[in-house]
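Everything below concerns the one structure shown next.
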Amino acid sequence: MTNIPDNIKQEIKGLVKDLNYHCYRYHVIDSPVISDQDYDRMYRRLSDLEEQNALILPGSPTQRVGAAPLDKFDKIKHRSPMLSLGNAFSHDEVRDFDQRIKRFLKSDEAVEYTVEPKYDGLAIELSYKNGVLHKASTRGDGAVGEDVTRNIRTIKTVPLKIEGDFIPEEIDIRGEVYMDLKEFEALNRGREEQGEPAFANPRNAAAGSIRQLDSSITSGRKLHLACYGAGYYEGIEFKSQLDFIGWLKEAHFPVPDNIKHSDRIEKIIDAIRKIEEKRDDFSFEVDGAVLKVNNFALQNELGIKTREPRWATAYKFAAHQGVTKVNDIVASVGRIGTITPVAFLAPVEIGGVTVSRSTLHNWDEIERKDIRIGDTVVVERAGDVIPHVIAVVKDKRTGSEIYFPPPAECPVCGAAVEKEENEVAFRCIGLDCAAQVQERIKHYSSRAAMDIEGLGEKNVELLYSKKLVGHFSDIYKLKKEDLLELPRFAEKSAQNLIAAIEKSKTTTLSRFLYSLGIIHVGEYAAKLLARNFEGVENLFHIEHERIVSIKHMGEKIACSVERFFNDTENLQALTTLKSLGLHISNPDYESSEAGVRLFEELTFVVTGTMPKPRKEVESLIESMGGHSSGSVSKKTDYLVLGESPGSKFKKAQTLGINIISYEDLLKMIESEGPF
Ligand code: IVH
């Protein structure tokens, strides 16, 4: 470190500070003040400097990325035990709690309480030494938890460094790691498609993501944090919960929104009621409200009773549940042939949402819960919309309920079904199964895949039924005239769909590989492949050993990738797709011997509205070895001009810089590019 020039050290220090600040503005308070592009540029500069100078400062944002998998978690002893909370299930029990406190304190004097939402996630302790995140652990048994530092670091809202004027020598901060309902649903959808078991609720999903031995998987799951308590600390004093929360905010920790406080228990009950009323408006699962004695001196006096503090309690909301009847059970077939039993229910309102169907996941689940057609069942909404059958009300059985047996053949195409060893799902093995074919096309055009706007479920079904598409490569053969024949299309909508298909032709290799719907290849595995193979042709006839040699690539995925890229029909389909004019760039490729590439040493500025998101155009440039910059200068080689440009266009004209269109850029790539 001594050989590093002072100005470089200062620049690194400044970048760490600025990037952490912008990360906080973006992720914690949702109020960014710089563009994503500027953030990315600063980030890249920092990681370059770190690499060139072998200097990584504590708290550097580059250390958030996932690291290599662990064999097991180490144990961490909590310096002060992580307690659980007593419960109150009614407003009267809240009044009893207040009375108990006053009795214990032998005083009738008013006690001030705070009320915060109770996050339904996983309790975590973050230990900071001299303001830098040192360790993070799960609650475990309250005395000893698991070391999940590497996973916690990947959460963008976890400060790697404490900000502000008051930085204690030591502090253990406690909070809840949770997953947003939307993220939870998307994660489960992906898992079900891949034939992996879905998480039962957002809490399990958050816990499963944190207790991952492979932190790169955690980093791909969007987790959040809310901090609400302190464990051991020295070098700082707090008077109360509100004082502590105020410090947390200044130090850039995410805290519960809108904490209410009062010394009148009826006001506290009002505050609880308000949180319960707002329960469905939160973007995450809230399963109650937590009441705490505000004053820390009083908290100390009240102390602990067995494993719960006397100074706090959790008011638990009733689970969103309803009772209804199973009218029917139907087996539905997914993209890779997975057969899922779905219960059709008599519509019932649960927590403001009408529920009329529920996945029963698989036949093991049906047998375990003994669910039959005609049964009366208890349904719970675990996430925002996903309902689950919790139990059968056996007392209501009449004897006419019908057992729903596992499928002997595919309910859609009649082909044979198989159940792989150690898997719960039945799978249709029919190659031309109409359900699978349509699901594959839907997957291909979906947002995370080729992102063809306007080619959603309904339109895919329509095009399939009219025999216009039988495989996703047929999408590119569609003509406006074909669409105009169909009931759902008029001139404008047909035009739009054709334009969206055209636009989707420019994509990245990771997206393209994900779109192919290879069994077990989700977005993450697709990214891994793209990092290791420059173009799709490099995967043709791939050998098993080559795929398993990729770090983080599992055996199951490798087998599936090998099978896919050694199948003549698949390779034929890929060659057809290629000939239909796809432009596939690969910004993820980590070339070991990066030779000179097309745009090496060239600087581009992209301005105005592009046919693609600007980020994607920039990734394309970078994949060709070019550099993309946010501002025009004498060093700019090309300005890529879109519609309604601003001052950058004028400046480029003044400086006499080459001005090209997006189409020109594609032509430059096509003439010499790899695909
Ligand atoms: S305070 C002494 N505040 O609920 C206990 N806990 O059921 C300190 N939780 O283990 C906990 N939101 O994991 C507190 N605003 C909040 C909370 C909260 C969720 C969790 C926490 C705790 C569990 C007890």
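The values are calculated or read from the model by the stated rules, or taken from the named source; none is laboratory data. For clarity, every value in this text was computed on a predicted model and none was experimentally measured. Cβ: placed from backbone, ideal geometry, glycine included. Neighbour counts: every protein chain shown. Calculation scope for accessible area: heavy atoms of the full protein, side chains included, ligands and nucleic acids excluded. Shrake-Rupley method; radii C 1.70, N 1.55, O 1.52, S 1.80 Å.
Summed over region 191-229, the residues that are touching a residue at least 40 places away in the same chain (Cβ under 8 Å), within 16 Å of the ligand (Cβ to nearest atom) and either basic (Lys, Arg) or in contact with a Phe, Trp or Tyr (Cβ under 6 Å, 6 or more places away or on another chain) (or both) give a count of 7. May I ask you to verify whether Lys72 is open to solvent by 30 Å² or more (accessible area, probe 1.4 Å), in a loop (DSSP other than H, G, I, E, B) and basic (Lys, Arg)? So Lys72 passes the test.
This table checks each residue for (1) in contact (Cβ under 8 Å) with a residue 40 or more places away in the chain; (2) touching a strand residue (DSSP E or B) at 6+ places or on another chain (Cβ under 8 Å); (3) surrounded by 19 or more Cβ atoms within 10 Å (Cβ to Cβ).
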| residue | (1), (2), (3) |
| --- | --- |
| Leu571 | no, no, no |
| Leu582 | yes, yes, no |
| Thr609 | no, yes, no |
| Asp637 | no, yes, no |
| Gly656 | no, no, no |
| Ser661 | no, yes, no |
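Answer yes if at least one residue in region 150-172 is open to solvent by 20 Å² or more (accessible area, probe 1.4 Å), within 16 Å of the ligand (Cβ to nearest atom), aliphatic (A, V, I, L, M) and in contact (Cβ under 8 Å) with a residue 24 or more places away in the chain, and no otherwise. There is no residue in region 150-172 that is open to solvent by 20 Å² or more (accessible area, probe 1.4 Å), within 16 Å of the ligand (Cβ to nearest atom), aliphatic (A, V, I, L, M) and in contact (Cβ under 8 Å) with a residue 24 or more places away in the chain. For region 469-493, a tally of residues being free of Cβ contacts under 8 Å to residues at least 40 places away in the same chain, open to solvent by less than 50 Å² (accessible area, probe 1.4 Å) and either closer than 13 Å to Arg440 by Cβ or in a loop (DSSP other than H, G, I, E, B) (or both) returns 7.
Selection within region 291-329: residues that are among the basic types (Lys, Arg) and within 12 Å of the ligand (Cβ to nearest atom). The member of this set that is modelled with the highest pLDDT is Lys292.
Every residue, every condition in (1) under 23 Å from Gly175 (Cβ atoms); (2) among the aromatic types (Phe, Trp, Tyr), yes or no:
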position: Asp281; (1), (2): yes, no
position: Arg310; (1), (2): yes, no
position: Phe317; (1), (2): yes, yes
position: Val326; (1), (2): no, no
position: Val330; (1), (2): no, no
position: Val333; (1), (2): no, no
position: Glu365; (1), (2): no, no
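For Pro61, the conditions (1) away from the ligand (no atom under 16 Å from the Cβ); (2) surrounded by fewer than 19 Cβ atoms within 10 Å (Cβ to Cβ); (3) at pLDDT below 90 all hold with the exception of (2). Screening Val424, Val323, Val378 for residues that are closer than 26 Å to Leu181 by Cβ, open to solvent by 20 Å² or more (accessible area, probe 1.4 Å) and assigned to a loop (DSSP other than H, G, I, E, B) leaves exactly one candidate, Val424. Inspection of region 550-562 identifies no residue that is assigned to a loop (DSSP other than H, G, I, E, B) and closer than 27 Å to Leu455 by Cα.
The residues on offer are Asp120, Asp172, and the sole one that is touching a strand residue (DSSP E or B) at 6+ places or on another chain (Cβ under 6 Å) and within 30 Å of Glu266 (Cβ to Cβ) is Asp120.
Can you name the residue in region 86-143 that is at pLDDT below 95 and β-branched (Val, Ile, Thr) and, of all such residues, is farthest from the ligand (Cβ to nearest atom)? So the residue we want is Val132.
Of all the criteria given as (1) open to solvent by 20 Å² or more (accessible area, probe 1.4 Å); (2) assigned to a strand (DSSP E or B); (3) within 16 Å of the ligand (Cβ to nearest atom), the one not satisfied by Ser80 is (2).
Count of region 208-217 residues, restricted to those that are farther than 16 Å from Glu176 by Cβ and part of a helix (DSSP H, G or I), is 3. From the list Gly288, Gly337, the lone residue that is away from the ligand (no atom under 16 Å from the Cβ), open to solvent by less than 10 Å² (accessible area, probe 1.4 Å), touching a strand residue (DSSP E or B) at 6+ places or on another chain (Cβ under 7 Å) and touching a residue at least 40 places away in the same chain (Cβ under 8 Å) is Gly337. Might you check whether a residue that is surrounded by 15 or more Cβ atoms within 10 Å (Cβ to Cβ) and free of Cβ contacts under 8 Å to residues at least 24 places away in the same chain occurs anywhere in region 392-399? Yes, some residue in region 392-399 is surrounded by 15 or more Cβ atoms within 10 Å (Cβ to Cβ) and free of Cβ contacts under 8 Å to residues at least 24 places away in the same chain.
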